[in-house]
Every structure is written in C-alpha cells, then in structure tokens.
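Let me begin by presenting the structure, written as structure tokens, before commenting on it.
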Amino acid sequence: MALAFQNIELKITAGRKEQFPRDGLAQIALSGRSNVGKSSLINTVSGRKNYARTSSEPGKTVTVNFYLVDKKIYLVDLPGYGYARRSGEEQKRFSNLTEAYLAQDGKPDFVLQLVDLKVGPTQDDLMMIDWLDGAGIPYAVVATKADKLNITTRKANLEALSAHPYLMPPYAKEQIEVVGFSAQSGDGRETVRNIITGIYKNL
C-alpha cells in the first residue's frame, strides 16, 4: 500500500539520544548542510507550507526531529552541518547528536542527502556521502533549490552532479539516484514521495 502523505506529525524532538524512538518503524533521514532546505522538503512532501519550521538564518535546527508519516514511517530531520558561526561547543554537541543517531544499530534505513543545486556538493557534503558509502547506508541525492537556476544551468548542474565520481561505480556500489527538487515550484515532489513509499514497501 502506498503512503498517502495526509497524516504527518512532529512526533519527537530529540536533544539527547535517549529520546530517539524505539518503536521499530522505518526511518528515512534528511541530511545536508545548514539552510539547504530539509524543512522545506518536509513541508513540500506533506503538502503543508509551514508545517516544519523554516528559517532564512542557517543553523536553526539543533535537534533531531522525527516526523511520523501516516503512522508508518519517520522522516528524520537532522541538524544541518557546516554552519561556521556556531560556537565550538555547539558544533560539538550537534555533531555528537547526529553521530549518535547515525550510529544506531540498523538506523536509518535510508538517507535523503540534500545538496544545493546552485552551489554543488561542498566538502562537507562529500564527507557525508563518503561516510554513507563506508557505512553501507543506502541513499539518494536530492538537489534542492532547482528553481533558483534557469533551465539550461539547472540541466547542466544536474548532469554534473549525477556524474560526480562519488555517486558512480566503482566508488559507489551502484549509480546513486539524483533528484532535482524545488520547494517553491514542487518539482521533484512526486519523485521524492515515490522514493519514500518505495523504502516503506520494501522494508
């Protein structure tokens, strides 16, 4: 049965690993640098404009937020990385929380790795992709803010990202799917929904 994406609720806001859910439901994590559009993706997928709080100021998400979709699967909004203005103590705390989540036995089941299509993969993005490959966690890349580019540049950037050596064999076990996405226009929404539904159905 496909997910309807009609019942999405913020179930848990975890500031400590002890607060992570242990109910056995599948989890798809959203990873990416600060202000790349993770909260906007959740809003777009859910069809609600302001469900997950968004901000023009990066570094606002400082907890691991678990959004329960149709009472069947979690979308997990991880703190953004690469925000230089955080203090050393803050960066360490957020990094430790993210690492504690990713180090759980069997979680997450899948990762949507968000990359700003205009900027391209940063060094932090590539480090995360490298970690996912090493940990054997399946993932897809969602290229956000596609509406910020004209059609020609968007196409060229998507092709360049899809052909990045980190996303192709032999570095990756298989060709990694890259999805162009825009929270503004809704482009890519159905593809992302299909990925989430596919993970749910195959677990």
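The values are calculated or read from the model by the stated rules, or taken from the named source; none is laboratory data. Everything numeric in this text was worked out from a predicted model, so none of it was measured. Neighbour counts are summed over all protein chains in view; Cβ atoms, including those assigned to glycine, are modelled from backbone coordinates with ideal geometry. Note: accessible area is taken over every heavy atom of the protein model, side chains too, but ligands, DNA and RNA are not part of it. Shrake-Rupley method; radii C 1.70, N 1.55, O 1.52, S 1.80 Å.
Structure notes:
- Relative contact order (%) - the chain, alpha-carbon pairs under 8 angstrom, separation at least six: 23
- Volume per residue of the C-alpha convex hull in the chain, rounded to whole Å³: 115
- The antiparallel fraction among DSSP beta bridges confined to the chain stands at about 35%.
- Label point distance in nm, Lys118-Gln6, each placed 7 Å from Cα along Cα→Cβ: 3.7
- Protection proxy ranking, peptides 181-191, 3-13, average beta carbon neighbours within 10 Å, highest first: 181-191, 3-13
- Cα convex hull, the range 97-203: 107 Å³ per residue, rounded to a whole number.
- Solvent-accessible area per residue for the chain (1.4 angstrom probe, square angstrom): 51
- Close amide-amide hydrogen proximity is noted between Ala26 and Tyr74, each under 5 Å apart and 5 or more residues distant or on a separate chain (H modeled in the peptide plane; Pro and chain starts excluded).
- Ligands, DNA and RNA left out, the 1.4 Å accessible surface of the range 96-203 is 52% carbon and sulfur atoms.
- Length-normalised contact order for the range 136-203 - Cα pairs under 8 Å, 6+ apart - percent: 35
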